[in-house]
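Written below as structure tokens is the structure these notes are about.
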Amino acid sequence: MTPLRRIAQATEIMKPEDITTMQKLSIDDLEKITQKVRKRTLLSEGAGRAKVTVHMGTCGIAAGAGKVLTALEDAFKKNDVKGVILTTSGCAGMCCREPMITVELKGEAPVHYVGLSEENALQIFAEHVLEGKLVEEFALGVGHERFLGESVRVGAAAARSEEAEDVPDLLDVGFFGHQTLVALKNRGMIDPEEIDEYIARGGYRALAKALTQMTPEDIVNQVTISGLRGRGGGGFPTGRKWASAAKATGRPKYIICNADEGDPGAYMDRSIIESDPHSVIEGMLLSGLGVGSIEGYVYIRAEYPLATSILRTAIRQAREYGLLGDNIFGTDFCFDLFIKQGAGAFVCGESSALRASIEGLPGEPTSKYDHATDKGLWEKPTVLNNVETFANVPIIIDKGGEWYASMGTETSKGTKVFSLVGNINNTGLIEVEMGTTLREIIYDIGGGIPNGKKFKAVQTGGPSGGCIPAEKLDMPVDFEQLKEAGSIMGSGGMIVMDEGTCVVNVAKYFIEFCNDESCGKCISCRDGSAALLNILERICDGKGQEEDIELMKDLCGTITDASLCGLGTSLANPVLSTLMYFGDEYIAHIRDKKCPAKICKPLFQYKVITDNCKKCGLCFTNCPSDAIIWKKKEVAEIIQEKCVKCGICVEVCKFGAVE
Amino acid sequence: MIKFTLDGKEFEVTKGTTILEVARGAGIKIPTLCYHEEMSPYGSCRLCLVEVIKRGWPSIQPACLYPAQEGIEVMTDSERVRKNRKILLELYLARSPDSEAIRELAREYGVRDTRFKLKETSNCILCGLCVRACEEISGRRAISFAHRGSKRAIQTPFGELAELCVGCKACAYVCPTRAIEIEEAD
Ligand SMILES: Cc1cc2nc3c(=O)[nH]c(=O)nc-3n(C[C@H](O)[C@H](O)[C@H](O)COP(=O)(O)O)c2cc1C
Ligand code: FES
């Protein structure tokens, strides 16, 4: 039983008979379910006088949302509260400020609380839920996010209590105010394990519309008009892919959703599945209807246990409602969906390796000179799309391709989800209109760089992407612009780096990742990346030579040219882009044997500045490797042979006497 | 039939014929390490790469797998091909410095030394000919690839004496770098 059901029963808001009756749905039933859920969950429809939502994505749970939920459940029981709903939902986006809860009182706008301990949550329960007084200390904002391009300001009309005056509208909180939710439209709003809640927010209406008012060609046309491009990295026009699969003569046809997501720092797809799995299922159903397929697979990595379990529940619930299976909505459309778990190889996200893996072969890319839309899985016509790509489809069918195409830039329409991580104040999952500048993303949404440090570069596109420097901060983000800047959109990971980051070291990290993750088939990728790593290690060790730069460029050229799959042909990007923008830093490592960011340990030494040293001995007491000699009333001295360059002495010295 | 040009000459071949097959038939030399006429092409050594211009777009493709297509222009020895091949041979020299076959091939392309360093060297270049010989010629599956990245290796199941092995030595026979030694067991 999901927490909602458990609590609904405990608080007598929902009768047990409502819970178990499941029948095959007709289109009219969608409206009935919607009404029922609204009565049950919307305070304005009489669901109760208050509602508390705990955000339970993987991020929230990791930060302690489970404990917060248990504490609240206990408090509910102990206080025997009536008319208050306690429910759970997925990630609300601001992963750095979890655990988060949202409290809504009847007639008032929802208040979003962040960074909570169990005690904080109980305080909010006592003061806000029971007594109606907002707890300003933990409140981040009041109101709603901007979604589907529309913003609703709650303003004064929201009957905000006096305490709330200093709490901003959510739209004025930079992190939320600059986002536009489309693919994430239900984030934090529904219980992902409750299909009824998805339906109540307009879910499966696109499917109903497609089945009653549209031909398969209409579906594909709307997707084409929307300008939607694949969100898994390549940016291939989705409509064009679907159109060729629709035309293909082979039978059966397959729809595959790529949820292998293996880029370091990327978790867009996991979060979409964890917070709104039915949007992906509905997108796949629409794809099946559009191209004439009755069978789909979701290829999901085994490291995503929560997402897999939520998806499994969602598929079961959709089957129980007859939304998957035979004669969907009583029409002759049949479609079913199966989960295939990957074993965690990054390369299995590549289309030919993914197909091999589903077929039970080793997850190794193969050269394919036929289009997958003609000969894909088991040599049959196949549509392979990314999680986020599918999640965008229902709303496109619902509101029309033109509506979607009204957002974004000339060549990149709609919105894009990014995971914003690294040296940034607000790490989290964001969705912005294509064409938003990097500056807006990093400063307005991300809240800038922590500890007063300077921005250095942002790595986009995962291991195949590149590092974009500060000069390019005003660049609008879309497929073409990123490519021009020497990077790629990739699946949407954005790793922000401050001035304390050594780009040579970053390049080394990504090459090491690719060397590990290469399937090892092509020599260019396998031994090419190993040789490249060897050169980078040499440079970081202070043993680089001037010729190494040219050597790396030559090697990168061949790795790119000669490798079979996308992993090999793009693995050199982190090196090439850092060479392009941060060439001097490589030169500093090679010629001056210096690491400007002080990351590469062999390239710098710690020294005590005698004039500044107050002889306090703090560095001596804190040094973990006994590398400091100090006696009372004497200046400290660092023994270089013993120093492990951890930097603790610099941190603890109050007088700036270690450099 | 499919018409295309190969090193400036017109060819007409049946659909599905690879560039390597056409080139060999016409006496044009393309170096290969992982190819054998009797077995299915695999595409791991990358030495057979050629430059293909298709609808105005140049790209590098493995000749052993790439099927001839209408109107394409193929160059087996363009500057880009030669440059890539030399770098690949340097990588091979770094991997298998003791292999006479590799040194010989490298010399042919004017590569005498390598600027690259790998942590481990081995005569096995992971071309996979032995794996295919075992499966396709001998009808067994006593050896296969294990692990990925630089750790990739050819192994018997779980690295133990393979029960499936009938001792036909086909694997050692096809190995281009003589990396397989057969031990007689009692
Ligand atoms: C090494 C490698 C890894 C990839 N990993 C993923 C992945 O994890 N998820 C994904 O959707 N696409 C991944 N791709 C891209 C897929 O090959 C494919 O282009 C994509 O799933 C197509 O869907 P889209 O058109 O909706 O983007 C990867 C590609 C390569 C070369
Ligand atoms: S012969 Fe073509 S890749 Fe080896």
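Derivation of every value follows stated rules applied to the coordinates shown; laboratory data play no part. Nothing here was measured: the structure is a model prediction, and the numbers come from that model. Methodologically, a virtual Cβ is constructed for each residue, glycine included, from the backbone with ideal geometry; neighbour enumeration extends over all protein chains shown.
Quick look at the numbers
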quantity: Number of positions in region B:4-50 that are surrounded by fewer than 18 Cβ atoms within 10 Å (Cβ to Cβ), without any contact (Cβ under 8 Å) to a residue 60 or more places away in the chain and touching a helix residue (DSSP H, G or I) at 6+ places or on another chain (Cβ under 8 Å); calculated: 1
quantity: Qualifying position, being closer than 19 Å to B:ILE30 by Cα and facing chain A (nearest Cβ under 10 Å), among B:VAL111, B:VAL81; calculated: B:VAL81
quantity: Search result, residues across region A:457-473 that are free of Cβ contacts under 8 Å to residues at least 60 places away in the same chain and either part of a strand (DSSP E or B) or basic (Lys, Arg) (or both); calculated: A:VAL458, A:THR460, A:LYS472
quantity: Residue in region B:83-104 that is among the β-branched types (Val, Ile, Thr), within 12 Å of ligand 2 (Cβ to nearest atom) and outside any loop (DSSP other than H, G, I, E, B) present; calculated: no
quantity: Some residue of region A:365-372 being within 16 Å of ligand 2 (Cβ to nearest atom), among the charged types (D, E, K, R), closer than 30 Å to B:GLY149 by Cα and surrounded by fewer than 23 Cβ atoms within 10 Å (Cβ to Cβ); calculated: yes
quantity: Wholly enclosed strands (runs of 3 or more DSSP E) of region B:1-69 bearing at least 2 residues away from ligand 1 (no atom under 16 Å from the Cβ) and more than 19 Å from A:LEU564 (Cα to Cα); calculated: B:2-6, B:9-13
quantity: Among the candidates A:VAL387, A:VAL347, residue that is in contact with an Asp or Glu (Cβ under 9 Å, 6 or more places away or on another chain) and within 14 Å of another protein chain (Cβ to nearest Cβ); calculated: A:VAL347
quantity: Any chance A:GLY203 is touching a His at 6+ places or on another chain (Cβ under 6 Å) and in a loop (DSSP other than H, G, I, E, B); calculated: yes
quantity: Restricting region A:337-361 to residues that are surrounded by fewer than 16 Cβ atoms within 10 Å (Cβ to Cβ) and over 22 Å from the mean Cα position of the chain (by Cα), the residue that is farthest from ligand 1 (Cβ to nearest atom); calculated: A:GLY360
quantity: Options B:PRO67, B:PRO62; residue that is more than 19 Å from A:CYS525 (Cα to Cα), buried (at least 17 other Cβ atoms within 10 Å of the Cβ) and within 13 Å of another protein chain (Cβ to nearest Cβ); calculated: B:PRO67
quantity: Candidates A:ASN385, A:ASN392 - the one that is away from ligand 2 (no atom under 16 Å from the Cβ) and assigned to a helix (DSSP H, G or I); calculated: A:ASN392
quantity: Verdict on B:VAL74 being in contact with a Leu (Cβ under 7 Å, 6 or more places away or on another chain), of a type in the set (A, V, I, L, M) and more than 11 Å from chain A (Cβ to nearest Cβ); calculated: yes
quantity: Candidates B:PHE158, B:PHE145, filtered to the one that is more than 15 Å from the chain's Cα centre (by Cα), surrounded by fewer than 20 Cβ atoms within 10 Å (Cβ to Cβ) and within 9 Å of chain A (Cβ to nearest Cβ); calculated: B:PHE145
quantity: Close pairs from region A:544-571: first facing another protein chain (nearest Cβ under 10 Å) and among the acidic types (Asp, Glu), partner part of a helix (DSSP H, G or I) and within 16 Å of ligand 2 (Cβ to nearest atom), Cβ under 7 Å, at least 6 apart; calculated: A:ASP554/B:ILE87; A:ASP561/B:ASN84
quantity: Residue within region A:498-515 that is facing another protein chain (nearest Cβ under 8 Å), over 20 Å from A:ILE590 (Cα atoms) and not small (Gly, Ala, Ser) present; calculated: yes
quantity: Residue selected from region A:475-529 under the condition of a type in the set (Lys, Arg) and in a helix (DSSP H, G or I), by the criterion farthest from A:PHE418 (Cα to Cα); calculated: A:ARG526
quantity: Test set (1) over 20 Å from A:GLU410 (Cα atoms); (2) touching an Asp or Glu at 6+ places or on another chain (Cβ under 8 Å) - A:THR215 fails condition number; calculated: (2)
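Let's see how each residue does on (1) free of Cβ contacts under 8 Å to residues at least 60 places away in the same chain; (2) acidic (Asp, Glu); (3) buried (at least 19 other Cβ atoms within 10 Å of the Cβ):
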{"position": "A:SER577", "(1), (2), (3)": "no, no, yes"}
{"position": "A:MET580", "(1), (2), (3)": "no, no, no"}
{"position": "A:ILE587", "(1), (2), (3)": "yes, no, no"}
{"position": "A:GLN605", "(1), (2), (3)": "yes, no, no"}
